[in-house]
Amino acid sequence: MKKSQARSIRVRSWALGVLFAIALTGAPASVEPVAVRYAESITQGLLLLRGANDNVLAHGELVQGLSRGNESEPPLFCFKDGSSGTRR
């Protein structure tokens, strides 16, 4: 076995051992509500939806705001062919 291969195996073994130790000693995850000091106001974002070849497929808008708790509107997309749609 070459020296570089032996080193690579040692590094992988060490990293796997560290990950295993962290997994065994980690505390169980708990989910609790987070207190908010200041509620946000309206947030607006302008979006671009791109395809796999980086072509722009649609322009969109995202508006989020607090109304009756923690609600927001889904993003609205306007496609090049004139159609529009939302995604939840």
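The values are calculated or read from the model by the stated rules, or taken from the named source; none is laboratory data. These numbers come from a predicted model, not from an experiment. Note: ideal-geometry Cβ built from the backbone for every residue, glycine included; neighbour counts use all protein chains shown.
Each row is one residue, and each column tells you yes or no for (1) in contact with a Leu (Cβ under 8 Å, 6 or more places away or on another chain); (2) assigned to a helix (DSSP H, G or I); (3) over 30 Å from Ser83 (Cα atoms); (4) at pLDDT 85 or above.
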| position | (1), (2), (3), (4) |
| --- | --- |
| Gln5 | no, yes, yes, no |
| Arg12 | no, yes, yes, no |
| Val18 | no, yes, yes, no |
| Ala21 | no, yes, yes, no |
| Ala29 | no, no, yes, no |
| Glu32 | no, no, yes, no |
| Glu40 | yes, no, yes, no |
| Leu47 | yes, no, no, yes |
| Asn53 | no, no, no, yes |
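In the range 66-78, the qualifying residues are those that are surrounded by 14 or more Cβ atoms within 10 Å (Cβ to Cβ) and either aromatic (Phe, Trp, Tyr) or in a loop (DSSP other than H, G, I, E, B) (or both), and the one that is modelled with the lowest pLDDT is Pro75.
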